[in-house]
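The values are calculated or read from the model by the stated rules, or taken from the named source; none is laboratory data. What you see is a predicted model; the values in this text were computed from it and never measured. Ideal geometry is used to build each Cβ from the backbone, glycine not excepted, and the neighbour counts take in all protein chains shown. Accessible surface areas use protein heavy atoms only, side chains included; no ligands, DNA or RNA. Shrake-Rupley method; radii C 1.70, N 1.55, O 1.52, S 1.80 Å.
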Amino acid sequence: MTPIQCAIDLAAFIKQQLAEMNYEPTDDKILANGITVRSGYMPVPKNNEEKAKQCPYTLVRPVEVDDTDDPDNECKAHLQILVMTYNDDTDNGHLELYHLLELVRQIILKNRIIVRKYSLQLPAKTFIPEIQPFPQWFGYMTVDYLIPQPEYNIVSHLGR
């Protein structure tokens, strides 16, 4: 089990949970888009119209892995969960971001073991940058999951 597989499985779980919650964006311009949840990155949009078509989305990606020298310990995969919304309401558009970010946060905290493989390690942190690319709004979470450490091989090199 690798860090990217952990991200793939977590993204699939978040997607399934959001579908069960019947999450829909509130901005009419993107209502037909639904929500994209995936691991990794979104394709680079060519223009603002493509940006709007991509929103809302949630991306899950590993950003760091901690291994220890104790083979009985598990590795810790640090994942970043990016949440991006779109709303051109200058007064209340940010509420879309807070709503979706809170849904994702609750999904993670209520389901601390994912696919019977990965165990959430608290604390989980949420951050919303001050500067936003209006009419897009984004925030992210950082979470840590324990993943099995690869077993190491003992190999004798005798120069043969």
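If M21, M141 are ordered by their accessible area, calculated over protein heavy atoms with a 1.4 Å probe, which sequence runs from highest to lowest? Please report the intermediate quantities before stating the final value.
On the way: M21 85, M141 0 Å².
Greatest to least solvent exposure: M21, M141.
Net charge near M42: determine it from the other residues with C-beta under 15 Å of the C-beta of M42, scoring Lys and Arg +1 and Asp and Glu -1.
Details: positive: K15, R38, K46, K51, K53, R61; negative: E49, E50.
Charge balance near M42 sits at +4.
Which chymotrypsin sites (Phe, Trp or Tyr not before Pro) in the stretch 1-54 sit in a loop by DSSP (not H, G, I, E or B) and have at most 13 other Cβ atoms within 10 Å of their own Cβ? The partial results should precede the final answer.
Numbers: sites: F13, Y23, Y41; in loops: Y23, Y41.
When the chymotrypsin sites (Phe, Trp or Tyr not before Pro) of the stretch 1-54 are filtered for loop state and at most 13 Cβ neighbours within 10 Å, Y41 remain.
What residue among D69, D144, D89 has the largest mean-square fluctuation in a Gaussian network model of the chain, using Cα springs under 10 Å?
D69
Could you tell me how many degrees, from 0 to 90 and to the nearest 10, lie between the Cα long axis of helix 3-20 and the main elongation axis, the longest principal axis, of the Cα atoms of the chain?
40
Which of the chymotrypsin sites (Phe, Trp or Tyr not before Pro) found in the stretch 75-160 are in a DSSP loop and have at most 10 neighbouring Cβ atoms, other than their own, within 10 Å? Let's see the in-between values first.
Details: sites: Y86, Y98, Y118, F127, W137, F138, Y140, Y145, Y152; in loops: Y152.
Those satisfying the criteria are Y152.
Please work out the average accessible area per residue across the chain, using the 1.4 Å probe convention, and give it in Å². Provide the component values of the computation, followed by the final result.
Details: 9840 Å² over 160 residues.
Value returned for the chain: 61 Å² of accessible area per residue.
Mind listing which trypsin sites (Lys or Arg not before Pro) in the stretch 1-92 are in a DSSP loop and have 11 or fewer other Cβ atoms within 10 Å?
Numbers: sites: K15, K29, R38, K46, K51, K53, K76; in loops: K29, K46.
Those satisfying the criteria are K46.
To the nearest 10 Å², what's V65's accessible area with a 1.4 Å probe?
Here the accessible area works out near 60 Å².
For the stretch 1-54, just say rounded, prolate or oblate: build the C-alpha gyration tensor, square-root its eigenvalues into a ≥ b ≥ c, call rounded for a/c under 1.5, and beyond that prolate if a/b exceeds b/c, oblate if not.
Details: a/c = 5.43, a/b = 1.36, b/c = 3.98.
Oblate shape, in that a/c is at least 1.5 and b/c is the bigger or equal ratio.
Helix 94-110 versus the longest principal axis of the chain: what is the Cα-based angle in degrees, 0 to 90, to the nearest 10?
That helix lies at roughly 30 degrees to the long axis.
Please compute the net charge surrounding P150, taking Lys and Arg as +1 and Asp and Glu as -1 over other residues with Cβ under 12 Å from its Cβ. Before the final figure, lay out each step's value.
Numbers: positive: none; negative: D67, E74, E151.
Combined, the nearby Lys, Arg, Asp and Glu give -3.
Longest exposed-loop-site-free stretch of the chain, with GluC sites (Glu not before Pro), DSSP loop and at most 10 other Cβ within 10 Å?
On the way: sites that count: E130, E151.
That gives 1-129 as the longest site-free run.
State which entries of K15/K117; K15/K51; K76/K110; K51/K125; K51/K76 exceed 29 angstrom in Cα-Cα distance in the structure shown.
Pairs exceeding the cut-off: K51/K76.
Would you mind telling me the share, in percent, of accessible area of the chain contributed by carbon and sulfur at probe 1.4 angstrom? Intermediate values should be presented prior to the final figure.
Working: 4960 of 9840 Å².
On the chain, the fraction of accessible area on carbon and sulfur atoms equals 50 percent.
Which entry is the computed mean projected area of the Cα convex hull in nm² for this structure: (i) 14.8; (ii) 8.9; (iii) 12.8?
(iii)
Excluding same-chain residues fewer than 8 positions from K46, which lysines have a Cα within less than 19 Å of its Cα?
Excluding near neighbours in sequence, the set is K29.
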